[in-house]
Amino acid sequence: MSLQIDPIHEFDGRGWFKHQPRPVRPSTVVLHATAGATLAGAVETLRERGLGYHYLIEPDGRVWKGAPIARQIGHAGESLGPDGPNVNRYSIGLSWVNLNDGVQPITGAQLDAAQQLLVILRQGLPSLKWLTTHYAITVRQDGGYRKSDPRGIDVPKLALASGLAAWKPDWAKRFALS
Ligand SMILES: [Zn+2]
């Protein structure tokens, strides 16, 4: 069974999220949570701020595409990842619609959809190697962090299942917060 992926303009009648050319092929997928209850709320906020994700996955597992992966969009902010700073430059942003409160779990349907999507991406994009989180690319050496999402994710398990390698900085104890 193939994964259905619908363009975000079918949700709100507008185009892709704000995007620009990128200089390299993406090597990394950054996992996020929207920190909100609904897709509508997330999309509205992203449009207002000129940000976006390449993919959004709702609690029932429905997948929305926010922009082509060949284009760079703003999802990571100031960050440091496997290929250096400004992770937006070389990454794909994938966000689950989830409160990110450490209570509401990412659903099984969301995890299944993400795993299928990651396999599809890896198969079509030989440059893709790393799986990481917004937390992991914004955690500092002193243990402080700028972003906490997505909470409660077993990143090595998802990486293994999708043929990618889990990434975190050497100084971080974990890939994601609980
Ligand atoms: Zn994030």
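The values are calculated or read from the model by the stated rules, or taken from the named source; none is laboratory data. Here the structure is a predicted model, which is why all the values come from computation and not from measurement. Neighbour counts run over all protein chains shown; Cβ positions are idealised from the backbone, glycine included.
Reported count of residues in region 105-134, each being more than 27 Å from residue 37 (Cβ to Cβ) and surrounded by 17 or more Cβ atoms within 10 Å (Cβ to Cβ), is 4.
Assess whether residue 102 counts as being closer than 18 Å to residue 36 by Cβ and in contact with a strand residue (DSSP E or B) (Cβ under 7 Å, 6 or more places away or on another chain). Please lay out each step first, then the result.
Details: closer than 18 Å to residue 36 by Cβ: yes; in contact with a strand residue (DSSP E or B) (Cβ under 7 Å, 6 or more places away or on another chain): no.
Answer is no for this residue.
Is it fair to say residue 147 is out of contact with any strand residue (DSSP E or B) (no Cβ under 7 Å at 6 or more places or on another chain) and assigned to a helix (DSSP H, G or I)? It is false that residue 147 is out of contact with any strand residue (DSSP E or B) (no Cβ under 7 Å at 6 or more places or on another chain) and assigned to a helix (DSSP H, G or I). Within region 134-164, being among the polar types (S, T, N, Q) and touching an Asp or Glu at 6+ places or on another chain (Cβ under 8 Å) holds for one residue alone: 138.
Taken together, the criteria place residue 110 among residues that are at pLDDT 95 or above, away from the ligand (no atom under 14 Å from the Cβ) and part of a helix (DSSP H, G or I).
Can you go through 38, 45, 28 and tell me which one is over 13 Å from the mean Cα position of the chain (by Cα), among the hydroxyl-bearing types (Ser, Thr, Tyr) and more than 13 Å from the ligand (Cβ to nearest atom)? When all the criteria are applied, what remains is 38.
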